[in-house]
1. In deg cm²/dmol, rounded to 500, what helix-only [θ] at 222 nm does the chain give when every DSSP H run of at least 4 residues adds -39500 (n - 2.57) and the total is split over its residues?
2. By how many degrees, between 0 and 90 and to the nearest 10, does the Cα long axis of helix 50-75 differ from the longest principal axis of the chain?
3. For 110, 65, what's the fewest-to-most ordering of other Cβ within 10 Å of each Cβ?
4. Lysines near residue 54 by alpha-carbon distance under 26 Å, same-chain residues fewer than 8 away left out - which ones?
5. Stick to Cα atoms and the Kirkwood definition of Rh, then tell me Rg/Rh for region 7-107.
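No lab work stands behind these numbers, since they all come straight from the coordinates. Bear in mind the structure is a predicted one, so any value in this text is a computation, not a measurement. FYI the Cβ positions are ideal-geometry reconstructions off the backbone, even for glycines, and counts take in every protein chain you see.
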Amino acid sequence: ISAPLRCICAGLTASAAVIVLMAAAKKNRLSLPSARFLIHQPSGGVRGSVADVKIEADEILKIRRRINVLIAEQKGQPVEKVEEDTRRNYWMDAREALDYGLISKIVSSRKDLK
């Protein structure tokens, strides 16, 4: 059974929502012209012993690497570029997201979906 996923970004596609967007094949990642996108490194909070804090920090670093590799593969650029971009909040409008490789097309009406 084939059930292709199509994502149409409207409003804000930020943080973990960008990872959800990556679940669709690139040709099926679309955006309205007014959409905004945000990629950044993962964050978290933990309390406890030094050992517990280190365990959580190590896990966040692993997640960061996996996310950066995923985005790099999708956009066809070196992971080092994505690591640099996600060091801080990296905001994009629809055109910038298209150029970055997060989406394949900007759509304005139903006829653009064909």
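1. -12500 deg cm²/dmol
2. Tilt relative to the chain: about 20 degrees.
3. In increasing order of surrounding Cβ atoms, one gets 110, 65.
4. Correct list for residue 54: 62.
5. Taking Rg over the Kirkwood Rh, I get 1.04.
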